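Q: Take this structure first; my questions come after.
Values in this text are rule-based calculations from the coordinates and carry no lab data. Remember, predicted model here, so these are calculated numbers, not experimental data. Cβ placement follows ideal geometry from the backbone for every residue including glycine, while neighbour counts extend to all protein chains displayed.
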Amino acid sequence: MGAAVRSITFDCHDPATLARFWSAVTGGRPADGPQGEQWSSVRLPDDHHPRTLTFIRVPESRTVKNRVHLDLQADTTLDEEIARITRLGATVLDDIRGPLGIGFAVLADPEGNEFCVESSHAEITAARSRPTPPPGG
């Protein structure tokens, strides 16, 4: 038996703003209990694990690349999910797709925390059923 991951915590400048952003991205809702200027928390949908994303105010800014990041999987298409999340305030940093057109994109949330969005399960299944294009073609 091991310890369960209950929450992923982000250091940030504006907990409420990041909680609203990540709530919209994940379909979560504000967690129960008091929240304030120093922290906010998002309760993720019941089928998500971990169950909570927590945002804690810190005075310092992020200065280097994240050492840990979230990987999300699109439930529509990768292009549609990138468009939806950028409308919410994310920035696309890189788009990495292989010859079958599947892969992932690296995005940053409104405070610059990097995360990835992967092709949907349906896109991956469809791509794997198509013949692989020849190199350079």
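Q: At q = 0.11, 0.16, 0.20, 0.21 Å⁻¹, work out log10 I(q)/I(0) for the range 20-137 with the Debye formula, treating every Cα as an identical point scatterer and leaving solvent out; two decimals please.
A: For the range 20-137 at q = 0.11, 0.16, 0.20, 0.21 Å⁻¹, log10 I(q)/I(0) is -0.45, -0.85, -1.18, -1.26.
Q: Now, a different point. Please work out the FRET efficiency for the pair MET1 and VAL106, using the Cβ-Cβ distance as r and a Förster radius of 30 Å; give the result to the nearest 0.05.
A: Efficiency, from the Cβ-Cβ distance: 0.30.
Q: Would you mind checking which residues have amide H under 5 Å from THR9's amide H? H placed 1.01 Å from N; only 5 or more apart, or other chain.
A: Hits under the 5 Å cutoff: THR54.
Q: Then there is this: For the range 1-61, what's the radius of gyration and Dmax over Cα atoms, in angstrom?
A: 11.7, 37
Q: If you put +1 on each Lys and Arg Cβ and -1 on each Asp and Glu Cβ, how big is the dipole of the range 1-61 around its Cα centre, in Debye rounded to 20?
A: Value, rounded to 20: 140 debye.
Q: Enumerate the amide H contacts of ALA31 below 5 Å, restricted to partners 5 or more residues apart or on another chain; note that Pro and chain-start residues carry no placed amide H.
A: Those qualifying (amide H under 5 Å, at least 5 residues apart or on another chain) are SER41, VAL42, ARG43.
Q: Now, a different point. Would you work out the charge dipole size for the chain about its Cα centre, treating the Cβ of every Lys and Arg as +1 and the Cβ of every Asp and Glu as -1, and quote it to the nearest 20 debye?
A: Once rounded to the nearest 20, the dipole reads 160 debye.
Q: Quick one: net charge of PRO59's neighbours, Cβ under 14 Å, K/R +1, D/E -1?
A: Taking every other residue near PRO59 into account, the sum is -3.
Q: Right, another one. Given the -39500 (n - 2.57) contribution per DSSP H run of 4+ residues, what per-residue ellipticity at 222 nm results for the chain, rounded to the nearest 500 deg cm²/dmol?
A: Per the formula, -6500 deg cm²/dmol.
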